[in-house]
Amino acid sequence: MTLFPDPPPPAARPEPEITAAEGALSGPSYRYRGAVIDCQKGGHVCTLRMPDHPFHGRGFGSVGTITPLVDLWLDERRLPKYMLAVPKVR
């Protein structure tokens, strides 16, 4: 018995589900925990579509960059401490 027990293992996350090999941005499209992630060819620049997320409609990063942001938003309703959402200029 220890004074500080080990933390529980992180919850298993689903893998992004590919919905189209050639989606809206000419690259693969994915569904992940209710979000839609559309990528350009090559899959290195993707757009997040998740209306209640601060980065909805923004293009950045790859699927592997976006899915942890979706997880953090859904689980804790926050962004990482090093990120700030800047309002879109219309």
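Across segment 44-69, the number of residues qualifying as in contact (Cβ under 8 Å) with a residue 40 or more places away in the chain and surrounded by fewer than 14 Cβ atoms within 10 Å (Cβ to Cβ) comes to 0. If you scan segment 11-44, which residues turn out to be modelled with pLDDT under 95, closer than 16 Å to Trp73 by Cβ and not aliphatic (A, V, I, L, M)? Those that are modelled with pLDDT under 95, closer than 16 Å to Trp73 by Cβ and not aliphatic (A, V, I, L, M): Arg13, Pro14.
Would it be correct to say that Tyr30 is aromatic (Phe, Trp, Tyr) and assigned to a loop (DSSP other than H, G, I, E, B)?
In short, no.
Provide a single number: the residues in segment 4-19 that are surrounded by fewer than 12 Cβ atoms within 10 Å (Cβ to Cβ) and either part of a strand (DSSP E or B) or of a type outside the set (Asp, Glu) (or both). Within segment 4-19, residues that are surrounded by fewer than 12 Cβ atoms within 10 Å (Cβ to Cβ) and either part of a strand (DSSP E or B) or of a type outside the set (Asp, Glu) (or both) number 10.
The values are calculated or read from the model by the stated rules, or taken from the named source; none is laboratory data. Small disclaimer: the values here were computed from a predicted structure and weren't measured. Using ideal geometry, Cβ is built from the backbone for each residue, glycine included, and neighbour counts are taken over all protein chains shown.
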